[in-house]
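Structure first, commentary second.
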Amino acid sequence: MIPKTHPRYESLKKREKLVAGLEAGITGKQGLIAHGRGEAFDYLIGERTLNSARKATEAAAALLLIAQKPVISVNGNVAALVTKEIIELSKLINAPLEVNIFYRTEERARRIKARLEEQGAAKVLGDKADARIPGIDHARAKVDPEGIYSADVVLAPLEDGDRCEALIKMGKKVITVDLNPLSRTSRFATVSIVDDIERAMGNLIAIIKEKKNGKANLAALLDGYDNRMNLRDCVKEIVDRLKEEELLEL
Ligand code: PTJ
């Protein structure tokens, strides 16, 4: 039991959720390693939402609200860390969830789907993944013809770079959440939210609720957004923070 007064409470709770996900057969073992990489970047970021991430989240909200056929891709880490949030988002924007995992076993895919449905998800795709994303040889190429394959906008948190690139080549817009601003995924995506998945989902839901009824300025918001420029701003924010001298004072 981690006391709330622990200085690293939030971070330790996330680890607990992932370990519980692993024990429930939802998260893959490799997911723990991937999370560790994310944690290292979050430490450099200062475990808060940067201005650049907030801007990207606003652009992502606009893209999801304008989309004709949005789909949310769910892997083992996302299912363990933000179960309730992705279900809420899915209902808010009327987008199905699609279980799509890299280290694929049918058993784990089935367990993720069952977990989402138990928690109230309205539509979970992924068990009829008989379409393929061209140019990808691994399991993440297998997608539902009614879901990711025919979507115009895919929200794919903690994605891998080659599939992100392949989805873009298919003409889709891809929104990612990835704490590493230098990853191939971040660089290929249409909108890269460089933030922790829990913070990013909380912010995305809040912004969508705020903007849902006044869709007028969404296109303008998107037109003014440049993902490469925003990633540069993100790296600059991290570097500027690391230059602050008091960071080294104990
Ligand atoms: O459940 P599966 O089989 O689909 O596997 C999921 C993982 C995440 C293991 C798989 O997609 C994978 O190996 O991903 P990568 O290529 O390691 O990329 C994961 C990215 O997510 C890395 O760049 C991490 O920095 C980032 N990341 C990890 N934890 C978080 C995160 N980004 C945001 N929030 C996090 N909590």
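Looking at ARG115, ARG104 in this structure, which one is assigned to a loop (DSSP other than H, G, I, E, B) and within 15 Å of the ligand (Cβ to nearest atom)?
Selected residue: ARG104, the only one of ARG115, ARG104 that is assigned to a loop (DSSP other than H, G, I, E, B) and within 15 Å of the ligand (Cβ to nearest atom).
Show the residue pairs meeting these rules: Cβ distance below 6 Å; 6+ apart or different chains; first residue within region 28-56 and farther than 29 Å from ASP226 by Cβ; second residue small (Gly, Ala, Ser) and surrounded by 20 or more Cβ atoms within 10 Å (Cβ to Cβ).
GLY28/GLY76; GLY31/GLY76
This table checks each residue for (1) of a type in the set (Gly, Ala, Ser); (2) at pLDDT below 95.
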| residue | (1), (2) |
| --- | --- |
| PRO3 | no, yes |
| SER11 | yes, yes |
| ASP42 | no, no |
| THR49 | no, no |
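Identify the residue in region 145-164 that is of a type outside the set (A, V, I, L, M, F, W, C) and more than 13 Å from the ligand (Cβ to nearest atom) and, among all such residues, is nearest to ASP195 (Cα to Cα).
Filtering first and then ranking leaves ASP152.
Scan PRO145, PRO157, PRO181, PRO134 and give me the residue that is at pLDDT below 95 and assigned to a loop (DSSP other than H, G, I, E, B).
Just a single option satisfies the conditions, and that option is PRO134.
Among the residues in region 193-209, are any over 17 Å from ILE86 (Cα atoms) and within 13 Å of the ligand (Cβ to nearest atom)?
Within region 193-209, one or more residues are over 17 Å from ILE86 (Cα atoms) and within 13 Å of the ligand (Cβ to nearest atom).
Within the bounds of region 169-176, is there any residue that is out of contact with any strand residue (DSSP E or B) (no Cβ under 7 Å at 6 or more places or on another chain) and part of a helix (DSSP H, G or I)?
yes
Please go through region 87-101 and give me each residue that is assigned to a helix (DSSP H, G or I), away from the ligand (no atom under 16 Å from the Cβ) and not hydroxyl-bearing (Ser, Thr, Tyr), ordered by number.
Within region 87-101, ILE87, GLU88, LYS91, LEU92 qualify.
When you look at LYS13, is it away from the ligand (no atom under 14 Å from the Cβ), more than 27 Å from ASN230 (Cα to Cα) and free of Cβ contacts under 8 Å to residues at least 24 places away in the same chain, yes or no?
Answer is no for this residue.
Could you tell me which residue of region 118-138 is farthest from the ligand (Cβ to nearest atom), considering only residues that are in contact with a helix residue (DSSP H, G or I) (Cβ under 8 Å, 6 or more places away or on another chain) and farther than 20 Å from VAL154 by Cα?
GLY120
Has region 222-232 got at least one residue that is within 16 Å of the chain's Cα centre (by Cα), over 14 Å from ALA62 (Cβ atoms) and not hydrophobic (A, V, I, L, M, F, W, C)?
Within region 222-232, none of the residues are within 16 Å of the chain's Cα centre (by Cα), over 14 Å from ALA62 (Cβ atoms) and not hydrophobic (A, V, I, L, M, F, W, C).
Which one is farthest from the ligand (Cβ to nearest atom) among residues in region 170-185 that are among the aliphatic types (A, V, I, L, M) and over 10 Å from the mean Cα position of the chain (by Cα)?
Here the residue is MET170.
Looking at (1) within 13 Å of the ligand (Cβ to nearest atom); (2) surrounded by 22 or more Cβ atoms within 10 Å (Cβ to Cβ); (3) over 30 Å from ILE238 (Cα atoms), which is the one condition that is false for LYS142?
Failed condition: (2).
Just give me the residues in region 203-216 being surrounded by 11 or more Cβ atoms within 10 Å (Cβ to Cβ) and either in contact with a Pro (Cβ under 9 Å, 6 or more places away or on another chain) or not charged (D, E, K, R) (or both), in sequence order.
Result: ASN203, LEU204, ILE205, ALA206, ILE207, ILE208.
Being within 13 Å of the ligand (Cβ to nearest atom), part of a loop (DSSP other than H, G, I, E, B) and surrounded by 17 or more Cβ atoms within 10 Å (Cβ to Cβ), is that true of even one residue in region 65-86?
The answer is yes; a qualifying residue exists.
The values are calculated or read from the model by the stated rules, or taken from the named source; none is laboratory data. Computed from a predicted structure; not experimentally measured. We place every Cβ from the backbone using ideal geometry, glycine too, and count neighbours over all the protein chains shown.
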